[in-house]
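Below is one structure. I have some questions about it.
The values are calculated or read from the model by the stated rules, or taken from the named source; none is laboratory data. Predicted model only: the values in this text are computed from it and were never measured. Every residue, glycine among them, receives a Cβ derived from its backbone with ideal geometry; neighbour counts consider all protein chains shown.
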Amino acid sequence: MKLWPQKRWKQALFVLLVLFLAVVVVLAILGTYVGSAVNKDVVSGIEVVNPGGSKTALVVYQAGLTSFPKNASYAFANGLAASGWRVEITTASSQAPSDLSKYSLLVLGFPIYRDSPGTAIVRYVDRVGDLHGINAVIIGVGGFDAGKSVATMMQKVHAANGTVQKSVLLVSKSTLLGMAPHGGSGSPADIARQAGTQIHP
C-alpha cells in the first residue's frame, strides 16, 4: 500500500513550486522598491538653525527609509547651534549647495545599507568635487557593518580634499539587541546632539 499516492505528490510539489515563485516575485518587487527609495534624491529647502551664530556649518543628510538619519542629523545640528554655530541643514540632492566657500564646516549624515553609505550622499560629494580642505564630520546611522561604511565615507572625503574632523556612528537601540549606540548611554539623538556641542566655531 502506498503511503503517498503519486498524484498527491505531484500536486504538493506543484503547490510548493508556485509558493516559491510567489515569494521570489514578492522579494524582487520589494527589493526594487527599497533600491529605488534608497537611491533617490529627496529635495528639500535649506533650514537655518541659530541664525546669529559666529561661523556657518552646512549639514547635508540623506533621507532614509526611516526618520533615523534625519533625526540624527538635526540633533547634531542642534548641538552645533548650542555651541555657537550658525547651521544650514538640507537633504543630499542636486539642490543642495555645492559651493562651500561660505561654510567653515561640512556635516554629512547618511543611512547605512548593508555595509555602504547611502548613494545620495555619495552623489552629493561627487557633485561638489573638490572640498578645498573644509573640515568635515561624518555621521553614519545604521546597523551591522556600519563601521565599514563610515570608513568608506571618510576615504571619499579625504579623496575629495576634505579634512575629517570627527566621525559619529549611531546604531538604533533596536538594531543590535538593545545595545546603546557605540556602547554609550542615551538615545542616538542625545549622543548626536552631544557630539555636536563638542565642535566649536
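Yes/no per residue for (1) over 29 Å from Gly186 (Cα atoms); (2) surrounded by 16 or more Cβ atoms within 10 Å (Cβ to Cβ); (3) touching a Lys or Arg at 6+ places or on another chain (Cβ under 9 Å):
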position	(1), (2), (3)
Val87	no, yes, no
Pro97	yes, yes, no
Val128	yes, yes, no
Gly133	yes, no, no
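What do you reckon, is Ala81 without any contact (Cβ under 8 Å) to a residue 12 or more places away in the chain and either surrounded by fewer than 24 Cβ atoms within 10 Å (Cβ to Cβ) or part of a loop (DSSP other than H, G, I, E, B) (or both)?
Here the answer is no, as Ala81 does not meet what is asked.
Within the stretch 54-67, can you find the residues that are in a loop (DSSP other than H, G, I, E, B) and in contact with a Leu (Cβ under 9 Å, 6 or more places away or on another chain)?
Gln62
Answer with yes or no whether Asp99 is at pLDDT 95 or above and among the acidic types (Asp, Glu).
yes
Let me ask another. Could you please tell me which pairs satisfy a Cβ distance under 8 Å, a separation of 6+ or placement on different chains, a first residue in the stretch 39-53 that is within 16 Å of Pro69 (Cα to Cα), and a second residue that is loosely packed, with under 13 Cβ neighbours inside 10 Å and hydroxyl-bearing (Ser, Thr, Tyr)?
Asp41/Ser94; Val43/Ser94
If Pro51 satisfies all but one of (1) in a loop (DSSP other than H, G, I, E, B); (2) modelled with pLDDT under 90, what's the number of the condition it fails?
Among (1) in a loop (DSSP other than H, G, I, E, B); (2) modelled with pLDDT under 90, Pro51 violates only (2).
Within the stretch 135-157, restricting attention to residues that are surrounded by 21 or more Cβ atoms within 10 Å (Cβ to Cβ) and not in a helix (DSSP H, G or I), which residue is modelled with the lowest pLDDT?
Result: Gly142.
Search the stretch 117-129 for residues that are in contact (Cβ under 8 Å) with a residue 60 or more places away in the chain and pair each with any residue that is of a type in the set (Lys, Arg) when their beta-carbon atoms are under 8 Å apart and the residues are at least 6 apart or on different chains.
Partner pairs satisfying both residue conditions: Ala120/Lys40.
Now for a separate question. Out of the residues in the stretch 157-169 that are under 15 Å from the mean Cα position of the chain (by Cα) and not β-branched (Val, Ile, Thr), state the one that is nearest to Asp99 (Cα to Cα).
Ser167
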